[in-house]
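Asks: The structure follows.
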Amino acid sequence: MTLREKIVKGIMGDDPSIVREYFQLNEEEKRTLLFECKDKVERLTSLIKIQKKEVFERRLNLLLSVIDDVSTPSYVIDELLVEENMKIMQYVKDRTGCKILHALKAFSGYYTFPIMRKYLDGVCASGLYEAKLGYYHFGKEVHTFGAAYPERDLKSIVRFSDVVIFNSFSQLNKFWKDVKKKGKQVGIRINPGYSEVETKMYDPCAPYSRLGVTYETFKGEYEKYRDLIDGIHFHAMCEQNSDVLERILLRFTEMFGPYIKNVRWVSFGGGHHITRDDYDIELLVRLINDFKSKYDVQVYLEPGEASVLNCGYYVSSVLDIVRNEIDIAIIDGSFEAHLPDVIIMPYRPHIVNSYPPYEKPYTYRIGGVSCLAGDSVGDYSFDEPLRENVKLVFTDMAHYTIVKNNSFNGINLPSIVIFKKDGTFDVVKRFSFRDFKRRV
Ligand SMILES: Cc1ncc(COP(=O)(O)O)c(C=O)c1O
């Protein structure tokens, strides 16, 4: 029996062990296999998800068994889990032929790029430094979008990017020649006029948004630039499922449909929570395939958060317990400095072995070392009392943490530690007073 036949048999028999073998097939073999079992392909999707869940659980248990070896505070990135997420991205590419770029703004940890570049087509950057990082360390396609580019950066942005996406026709008009002269592509970001992001701070299509050209402006200006525009980009989602994308695409195509036929590619931006357990991959696949067959263009996705979803931890230690009517545990880190989205968004992260307040005998408010009164993550209960030096492991802390942290109050930045496939740790960054002094 060939490997392919074995996998088909495994799919029919709901055997998750064939998932590993699927990812060993070459492109041609995968194409044939996907064609052969096209009526049963949802089963393969389910098996991939089951297998992934099992790996994530196993790795967390392994990490907890050796957590004493991690000095605190640290961000710990599990490279095996990053690869598991990459396989999900690969699977979406296998099923659709879309290209997937990792959004560096969510996670710029170039130490995991060797793994990520095996699966993805490149990166998307928010400006010069991310473009440069992508160019030198990722080494595939670099698409750059910035709300506005300063003239002094443009030459370098063009050098490090394959595609430069403009946020307005005035910037496109100012810089398109510099882009084309170097043989690079020009994109325009539009505002599809529809989104379902509840937190306005994170909604790129909120009223009066500065992000993306509105339909009214596009209609008026497009003719002047039609031959220059290689692609259209929109970004309208945040941590959402593919049903939201379906509704955005409906609105987008209603308005921009007539223009899509003139471009080579359309980017659906980021915010797709592709690697979340309940994400509807089948719907995403259908939406991309329908779009491609209707408009005959290359589709790009640029997820950031989904690339490293659930792949990282923030590990801290309790320094002290104080009491002011309630028990308050102070950790050797800071939410304000190390996990700022917890406070900005705000959201309640999960701490391993913790429960909602008062569900277990020992409840604490967890706070950071900074002077900010609100440097707190809320109340959690535990089976055992917290004491000095007990480690608290916050889950899902790879994205939008390292890239956003700061040294408020002179608090040192957490070390960055890779939890390697073989179960050992590699400390890739350690910070000191010098880093603080350089920044202030
Ligand atoms: C233009 C653009 N692309 C991609 C992303 C990545 O989004 P996410 O990390 O939510 O997938 C963002 C996030 O803000 C963005 O603004």
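The values are calculated or read from the model by the stated rules, or taken from the named source; none is laboratory data. No experiment lies behind these values; they were computed from the predicted model shown. Because the Cβ atoms are built from the backbone with ideal geometry, glycine has one as well, and the counts that use them run over all protein chains shown.
Asks: For Thr144, are the conditions met, namely being β-branched (Val, Ile, Thr), surrounded by fewer than 19 Cβ atoms within 10 Å (Cβ to Cβ) and assigned by TED's automatic domain parsing to the domain that holds Glu254?
Replies: No, not satisfied.
Asks: Also: How about the stretch 287-321: which of its residues are in a loop (DSSP other than H, G, I, E, B) and either within 16 Å of the ligand (Cβ to nearest atom) or in contact with a Cys (Cβ under 6 Å, 6 or more places away or on another chain) (or both)?
Replies: Glu302, Pro303, Gly304, Leu309, Asn310, Cys311
Asks: Take Asp327 and tell me if it is in contact (Cβ under 8 Å) with a residue 12 or more places away in the chain and part of a helix (DSSP H, G or I).
Replies: Taking the combined requirement at face value, the residue does not satisfy it.
Asks: Within the stretch 169-196, which residues are without any contact (Cβ under 8 Å) to a residue 60 or more places away in the chain and outside any helix (DSSP H, G or I)?
Replies: Answer for the stretch 169-196, where residues must be without any contact (Cβ under 8 Å) to a residue 60 or more places away in the chain and outside any helix (DSSP H, G or I): Lys182, Gly183, Lys184, Val186, Ile188, Arg189, Asn191, Tyr194, Ser195, Glu196.
Asks: Still on this structure: Please go through (1) assigned to a loop (DSSP other than H, G, I, E, B); (2) modelled with pLDDT of 95 or more; (3) surrounded by fewer than 20 Cβ atoms within 10 Å (Cβ to Cβ) for Ala106 and return the number of the only condition it doesn't satisfy.
Replies: If we test Ala106 against (1) assigned to a loop (DSSP other than H, G, I, E, B); (2) modelled with pLDDT of 95 or more; (3) surrounded by fewer than 20 Cβ atoms within 10 Å (Cβ to Cβ), just (3) comes out false.
Asks: With Asp426, Asp383 as the choices, which residue is in contact with a helix residue (DSSP H, G or I) (Cβ under 9 Å, 6 or more places away or on another chain) and either under 24 Å from Asn61 (Cα atoms) or within 16 Å of the ligand (Cβ to nearest atom) (or both)?
Replies: Checking each option against the conditions leaves just Asp426.
Asks: Can you find a residue in the stretch 403-422 that is within 16 Å of Pro73 (Cβ to Cβ), at pLDDT 95 or above and within 16 Å of the ligand (Cβ to nearest atom)?
Replies: yes
Asks: Within the stretch 230-248, which residues are away from the ligand (no atom under 16 Å from the Cβ) and in contact with a Phe, Trp or Tyr (Cβ under 8 Å, 6 or more places away or on another chain)?
Replies: Scanning the stretch 230-248 gives Asp230, Arg247.
Asks: Condition test on Arg59, is it in a helix (DSSP H, G or I), charged (D, E, K, R) and touching an Asp or Glu at 6+ places or on another chain (Cβ under 6 Å)?
Replies: Against the criterion (in a helix (DSSP H, G or I), charged (D, E, K, R) and touching an Asp or Glu at 6+ places or on another chain (Cβ under 6 Å)), Arg59 qualifies.
Asks: Find all pairs meeting these conditions: Cβ atoms under 7 angstrom apart; at least six residues apart or on different chains; first residue within the stretch 369-384 and of a type in the set (Ser, Thr, Tyr); second residue surrounded by fewer than 18 Cβ atoms within 10 Å (Cβ to Cβ) and assigned to a loop (DSSP other than H, G, I, E, B).
Replies: If the second residue must be surrounded by fewer than 18 Cβ atoms within 10 Å (Cβ to Cβ) and assigned to a loop (DSSP other than H, G, I, E, B), the pairs left are Tyr380/Pro357; Ser381/Pro356; Ser381/Pro357; Ser381/Tyr358; Ser381/Glu359; Ser381/Lys360.
Asks: Which of the residues spanning the stretch 194-217 are in contact with a Gly (Cβ under 9 Å, 6 or more places away or on another chain) and away from the ligand (no atom under 16 Å from the Cβ)?
Replies: Thr214, Tyr215
Asks: Does Val19 satisfy the criteria of being over 28 Å from Glu79 (Cα atoms), out of contact with any strand residue (DSSP E or B) (no Cβ under 6 Å at 6 or more places or on another chain) and surrounded by 15 or more Cβ atoms within 10 Å (Cβ to Cβ)?
Replies: Spelling it out, it is not the case that Val19 is over 28 Å from Glu79 (Cα atoms), out of contact with any strand residue (DSSP E or B) (no Cβ under 6 Å at 6 or more places or on another chain) and surrounded by 15 or more Cβ atoms within 10 Å (Cβ to Cβ).
Asks: Taking the criterion of being over 19 Å from the mean Cα position of the chain (by Cα) and either assigned to a helix (DSSP H, G or I) or touching a residue at least 24 places away in the same chain (Cβ under 8 Å) (or both), would at least one residue in the stretch 199-206 satisfy it?
Replies: For the stretch 199-206, residues over 19 Å from the mean Cα position of the chain (by Cα) and either assigned to a helix (DSSP H, G or I) or touching a residue at least 24 places away in the same chain (Cβ under 8 Å) (or both): present.
Asks: Here's another thing I want to ask about it. Please identify the pairs in which a residue from the stretch 2-27 that is outside the structural domain of Gln90 (by TED's automatic domain parsing) has its Cβ atom under 8 Å from the Cβ atom of a residue that is of a type in the set (Lys, Arg) and part of a loop (DSSP other than H, G, I, E, B), counting only partners at least 6 apart or on another chain.
Replies: Ile11/Lys40; Met12/Lys40
Asks: Residues being surrounded by 13 or more Cβ atoms within 10 Å (Cβ to Cβ) and in a loop (DSSP other than H, G, I, E, B): count how many of those fall in the stretch 386-419.
Replies: 18
Asks: Limited to the stretch 56-71, what total is found for residues that are crowded, with 16+ Cβ neighbours inside 10 Å and farther than 16 Å from Leu392 by Cα?
Replies: Adding up the residues that qualify gives 2.
Asks: Looking at the stretch 217-253 only, could you name the residues that are assigned to a loop (DSSP other than H, G, I, E, B) and of a type in the set (Lys, Arg)?
Replies: Arg226
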